[in-house]
Amino acid sequence: MPKLTKRSVDALSAQAESYFVWDSEIIGFGVRVMPSGTKTYQAQYRKGGRTRRISLGRHGNITAEQARLKAREVMGLVAKGENPAEEIAQERRAPTVAALCDRFYNTHVKERCKPSTAAEYRRAMDKFIKPAIGAFRVVDVERKDIAELHHKHRAIPYQANRTLGVLSKMFNLAEVWGLRRDGSNPCRHVPKYREHKHERFLSQQELQRLGQVLTEVEQDGSESPFIVAAFRLLILTGCRLGEIQTLKWDYITPRHMALPDTKTGARRIPLPQAARAVLDALPRLDGKPAPPNPSAMAVQISTSCPTAATATASF
């Protein structure tokens, strides 16, 4: 194998099939001669049991010495454990962030997340991520781009942090899907904003007023009894809205609500007598089973009176 020089490469003639001539000094550096006569410098190496090849440039457009320098750079990266051919391939097929959002939503969020979480992710992608960096290629997104997006929404720190979380998960999966190299998540080390939780409990007067309104709409029939019951159960049990909205008779036991799938996993919530009375008062729809122990409870709830409001607040 000769040392590749301008003279030696110029002397190579085309044949019926393409062939390679390898350099005598740098292992893996060579030139490929096509039947058309086109000659392209190549760098070849093995990674993960596979032969990988990188085109360094066409003879005539670059010199043999320029190609030799490029080959040394490639082999240096390989020696460090990198895979430059795969990185080039990733860049060529790199989708945009908008396309990554759609893939993330369709193949991950819809299959693994609860509807409420999926809706939150969709909102973050459509309202905050796509308008800002949707046109960027996935491989081109840098930490500064994520930091700028996060900082832009500093006035709404909760949403800024949730959006950062969605981005972090997306780019983790981009690595799994081979769209970015391992360990390159641009969301790493972007600090979240401090969040101040706002908690306020209804006063006794507010509970009494709510109870009066619920009683009024229940008596005049202007609201569904199931909606009225939902409000009362929220107050009496401390459940999340989604847990009450998806409550089934099958989940009701004589003493508990056995919720099989909540935000924190399966859990049992004590069912006070007042809450049980609310359930017992609900009409039974055709085809829907009655709850266990359907006999009416002696204790009835009347949230229109102050004593009931106090009892409600204690649950």
Does Val176 meet the test of being exposed (fewer than 15 other Cβ atoms within 10 Å of the Cβ), of a type outside the set (Phe, Trp, Tyr) and under 15 Å from the mean Cα position of the chain (by Cα)? yes
Considering each of Ala67, Ala79 in turn, give the residue that is under 26 Å from Arg181 (Cα atoms), in the same structural domain as Ser13 (by TED's automatic domain parsing) and crowded, with 17+ Cβ neighbours inside 10 Å. Ala67
Would you point out the residue of the stretch 47-63, among those that are touching a residue at least 24 places away in the same chain (Cβ under 8 Å) and among the charged types (D, E, K, R), that is farthest from Asp23 (Cα to Cα)? Lys47
Test Val190 against the criterion of being in a helix (DSSP H, G or I), among the aliphatic types (A, V, I, L, M) and at pLDDT 85 or above, and give yes or no. no
Which ones in the stretch 247-285 are closer than 25 Å to Glu218 by Cβ and in a loop (DSSP other than H, G, I, E, B)? Leu247, Lys248, Leu271, Pro272, Ala281, Leu282, Pro283, Arg284, Leu285
Given the criterion under 28 Å from Gly57 (Cβ atoms) and surrounded by 14 or more Cβ atoms within 10 Å (Cβ to Cβ), identify the matching residue among Val109, Val138. Val138
Before we move on, is Ile88 touching a residue at least 24 places away in the same chain (Cβ under 8 Å), of a type in the set (Val, Ile, Thr) and within 17 Å of Ser168 (Cβ to Cβ)? no
Considering (1) of a type in the set (Gly, Ala, Ser); (2) without any contact (Cβ under 8 Å) to a residue 24 or more places away in the chain; (3) touching a strand residue (DSSP E or B) at 6+ places or on another chain (Cβ under 8 Å); (4) closer than 15 Å to Ala85 by Cβ, say which one Ser18 fails and leave the rest. (4)
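The values are calculated or read from the model by the stated rules, or taken from the named source; none is laboratory data. As the structure is a computational prediction, the values presented were derived from the model and not from experiment. Heads up, the Cβs are rebuilt from the backbone with ideal geometry, glycines too, and the neighbour counts pull from every protein chain shown.
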